[in-house]
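Below is one structure, written out as structure tokens; comments come after it.
The values are calculated or read from the model by the stated rules, or taken from the named source; none is laboratory data. In this text, all values refer to a predicted model and were calculated from it rather than measured experimentally. Cβ placement follows ideal geometry from the backbone for every residue including glycine, while neighbour counts extend to all protein chains displayed.
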Number of protein chains: 2
Amino acid sequence: MARRTAEDAEKTRLAILASAQAHFARDGFKASLADIVSDAGVTKGALFHHFPNKLALFQQVWTDLQKGMDEEARAEARKVIDPNDPYSQLLAGAKVYLKWAARPEYYRIVLFEGPSVLGMQGWYESDRDIGQRNVRRSMEFMADKRCFPRSRINVYSVLVQSVLNGFGFALGKGEDGLTPDVAHEAFEIMLRNLR
Amino acid sequence: MARRTAEDAEKTRLAILASAQAHFARDGFKASLADIVSDAGVTKGALFHHFPNKLALFQQVWTDLQKGMDEEARAEARKVIDPNDPYSQLLAGAKVYLKWAARPEYYRIVLFEGPSVLGMQGWYESDRDIGQRNVRRSMEFMADKRCFPRSRINVYSVLVQSVLNGFGFALGKGEDGLTPDVAHEAFEIMLRNLR
DNA sequence: GTTTATTCCTACCACTGGTATGTTTGCCGG
DNA sequence: CCGGCAAACATACCAGTGGTAGGAATAAAC
């Protein structure tokens, strides 16, 4: 086979991404490219035409998952009654995030493998770009409402983000008798009582 | 070279472990065995005589680091005035943990690479064995003191563990203007106000 | 209708973790 | 004191990995 329609090319690209997501979700980053292209019905030539290397492929899978979660979270946050209430928006977004964390692909690829694969800079930057901004805005909002001194905005941002991450992990793992609702309730209590 | 004294053997074993820790700390699990044995002054034959495979080598490095941190944390917890106060013991242990998290080898090997390398079961189990037990004991203690209902012991254990993990991460990463002291203060405030 | 550039395949490469086998020699029973 | 076993390595090698080079076919632009 050779030159196809741009539409066909997009199809193979998506097939590669789908297969890659499945394999990364099951075997982590160590999933072999041979298996990925085999299940996608193409050869390595196609893969390396669409992606410069394995890491870029993983990054794309990672980004797609994050984007999906982020869009749903934003949509849910927009439904909050008061559009100028970052606190409620954070709670709404957190609810969505905790649900996604229970999904095996999101759990394994984004939360589990993401850090070590993308490296500390890459992962932390992307993570901060997507989640931390909302968290930080909410912390500033709470500080303005005299919940706690502004000097603690920084630490509390890290703290809140950590709790969301950790709950995501625990939910993704499945045990601990933890459900998204229980986690969300505890999250809110903790948040409300920050001083 | 060939058969040496048992003492000599232990020396090469330690040399391999030291070199492995250095390389794993810098390059993560993808550090090559060739480089590790080269810097240790031995060959791969020696490595595979002492360790069954690369993962076992990593596990040993991981365990040694965890053991070092755990021993120091326990020692510090034992210095607490009231020996029947898990709350204060947790705070003391947390202080030690946060300090270790700022050390690059501990950060990279235990916190960063550990999860994806050892896998969810291996990492979570070991992590829980070392840290979670103390956290859980403290949560039960606080529940008994009517800080919050016993039904929340489980969630809060996960929550507290997550905060420690996340602070460790942020400290290890170095930025955010975060110091062990600031993190520890925020940790205590959060803990004290759990309902 | 010729050219061009995209899309993909095949063949190949350097390197990796891991193995099989060989070699030296401390050590222990007789 | 000494023969043999096994510990403690070294050497040579292998299957599989991510990645590359080059070519073939053809959709698309002119």
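Once segment B:15-50 is narrowed to residues that are without any contact (Cβ under 8 Å) to a residue 24 or more places away in the chain and not in a helix (DSSP H, G or I), the residue that is farthest from DNA strand D (Cβ to nearest atom) is B:A31.
B:F112 falls short of the stated requirement of being within 14 Å of chain A (Cβ to nearest Cβ), aromatic (F, W, Y) and touching an Asp or Glu at 6+ places or on another chain (Cβ under 7 Å).
Among the residues of segment B:147-175, how many are outside any helix (DSSP H, G or I) and crowded, with 17+ Cβ neighbours inside 10 Å? Summing the residues that are outside any helix (DSSP H, G or I) and crowded, with 17+ Cβ neighbours inside 10 Å in segment B:147-175 gives 2. Within segment A:176-190, restricting attention to residues that are part of a helix (DSSP H, G or I) and without any contact (Cβ under 8 Å) to a residue 60 or more places away in the chain, which residue is farthest from the other protein chains (Cβ to nearest Cβ)? My answer is A:D181.
Taking segment A:76-109 as the range and being among the acidic types (D, E), buried (at least 18 other Cβ atoms within 10 Å of the Cβ) and over 22 Å from A:V182 (Cα atoms) as the test, no residue passes. Summed over segment B:1-14, the residues that are at pLDDT below 95, assigned to a helix (DSSP H, G or I) and not charged (D, E, K, R) give a count of 2. Under the condition of being surrounded by 15 or more Cβ atoms within 10 Å (Cβ to Cβ) and over 20 Å from the mean Cα position of the chain (by Cα), which residue from segment A:9-30 is nearest to DNA strand C (Cβ to nearest atom)? The qualifying residue nearest to DNA strand C (Cβ to nearest atom) is A:T12. Taking (1) of a type outside the set (A, V, I, L, M, F, W, C); (2) more than 12 Å from chain B (Cβ to nearest Cβ); (3) assigned to a helix (DSSP H, G or I) in turn, A:P83 satisfies each apart from (3). Can you confirm whether segment B:171-188 contains a residue that is closer than 19 Å to B:P104 by Cα, of a type in the set (D, E) and modelled with pLDDT of 90 or more? Yes, segment B:171-188 has at least one match. Report yes if some residue within segment A:55-75 is surrounded by 19 or more Cβ atoms within 10 Å (Cβ to Cβ) and within 14 Å of chain B (Cβ to nearest Cβ); otherwise report no. Looking through segment A:55-75, at least one residue is surrounded by 19 or more Cβ atoms within 10 Å (Cβ to Cβ) and within 14 Å of chain B (Cβ to nearest Cβ). Annotation note: of B:Q161, B:Q132, B:Q66, the sole residue that is touching a residue at least 40 places away in the same chain (Cβ under 8 Å), polar (S, T, N, Q) and more than 16 Å from DNA strand D (Cβ to nearest atom) is B:Q66. Just a yes or no: is a residue in segment B:32-46 within 19 Å of B:G172 (Cβ to Cβ), at pLDDT 90 or above and of a type in the set (S, T, Y)? No, segment B:32-46 contains no residue that is within 19 Å of B:G172 (Cβ to Cβ), at pLDDT 90 or above and of a type in the set (S, T, Y).
Take the residues of segment B:31-48 that are buried (at least 17 other Cβ atoms within 10 Å of the Cβ) and more than 11 Å from DNA strand C (Cβ to nearest atom): which is farthest from A:S116 (Cα to Cα)? The extreme case among them is B:V42. Residues in segment A:1-30 that are among the basic types (K, R) and over 21 Å from B:E113 (Cβ atoms): A:R3, A:R4, A:K11, A:R13.
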